[in-house]
Amino acid sequence: MYGIITLETCDMKTQIKSTLSYPDSEEGFNRYRLDSLDNLWDKYQEKLAKCRKEFSEDSVHKFRISARKFLAMIDMVDNLYESKYIDELRKLLKKQLKIFANLRDTQVMINAINEIRKEFSVFDFFYYELLAHEQTYIKKIEKKIKRVSKKEVEALIFFLRMDLDDTFKKDDATFNDALAVIDSVFADMSAKLKLVDPERPQTIHDIRLMFKKFRYMIEAFAISLDIPEPYLKSLSDYQTLMGEVQDAEVLILRFKEYILTQDNPNDIIWSNAIKVLEERLAEKIRKFVNNKERLFTFWTI
């Protein structure tokens, strides 16, 4: 059983409002959102530079997280006012994240299969094929990452900041409005949670996508207050429960594709191997279902 999941219900919304380092006013909120953009831009540049200098699984992972946090902040701002630069920045960041998708999935599968093959040797050659694919993806990405343009992102942020300053003169958005955006995302997740069906993993994936946005929106407040580390860890662990369901499902699909390349894809050895992976998926689903109600410890509406 995952160790998360001992955290008691935390009224994080009240904590955010009571410990802000910015004035709880229109001017304070405008300063916060400008500072957040600057902070996330700095983190993005830092992680991109490290990824280029020391290309590794860890550096790629940290760059992807920095980009996703950036996207979450943009989503929050997008709910409060309109700017064409938001859409352009979102598209650009998503395009950059897509570069790593195949490598990330392959590395997750390698780690999973490396454990499974200790007991089931039928997965050995599939494991070696994944290792070969990993090296191919790494070579491609090392070239692509050098072509990622910071200037495009920087230009969009410049114009977005100008839009924010201009908007501040016209609107009266405050922290309450930002928290209302999180309320809305959380309410949608809560509704989706009731629809979770162990026989339909997609119902879990739908919540996972919303939860990632929810989590990173909360973490965007880290520049204005100290969010308790156990709370952040619990958010991460809950997301991992759902992520492992998707990863287990992707692994099955990829293994089935591999089987079709073999001389005798209908051999019973392959159907037995698929059963091993399906039982693993079922266990990941059970873990999430058993802990899904912990969602309600993270936020109150």
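Annotations for the structure displayed:
- Residue in the stretch 16-23 that is open to solvent by 70 Å² or more (accessible area, probe 1.4 Å), farther than 30 Å from residue 149 by Cα and at pLDDT 85 or above present: yes
- Residue count for the stretch 176-230 under the criterion of being of a type in the set (Val, Ile, Thr) and open to solvent by 50 Å² or more (accessible area, probe 1.4 Å): the result is 1.
- Enumeration of residues in the stretch 24-64 that are closer than 13 Å to residue 164 by Cβ and open to solvent by 60 Å² or more (accessible area, probe 1.4 Å): 26, 27, 31
- Candidates 95, 151, 144 - the one that is open to solvent by 80 Å² or more (accessible area, probe 1.4 Å), in contact (Cβ under 8 Å) with a residue 40 or more places away in the chain, over 30 Å from residue 296 (Cα atoms) and assigned to a helix (DSSP H, G or I): 144
- Within the set 63, 70, 100, the sole residue that is more than 29 Å from residue 174 (Cα to Cα), free of Cβ contacts under 8 Å to residues at least 40 places away in the same chain and not basic (Lys, Arg) turns out to be 63.
- Condition met for residue 81 (part of a helix (DSSP H, G or I) and hydroxyl-bearing (Ser, Thr, Tyr)): no
- Sole residue being under 21 Å from residue 277 (Cβ atoms), in a helix (DSSP H, G or I), of a type in the set (D, E, K, R) and without any contact (Cβ under 8 Å) to a residue 24 or more places away in the chain, chosen from 124, 105: 124
The values are calculated or read from the model by the stated rules, or taken from the named source; none is laboratory data. What you see is a predicted model; the values in this text were computed from it and never measured. Because the Cβ atoms are built from the backbone with ideal geometry, glycine has one as well, and the counts that use them run over all protein chains shown. Side chains are part of the model used for accessible areas, which takes the heavy atoms of the whole protein and leaves out ligands, DNA and RNA. Shrake-Rupley method; radii C 1.70, N 1.55, O 1.52, S 1.80 Å.
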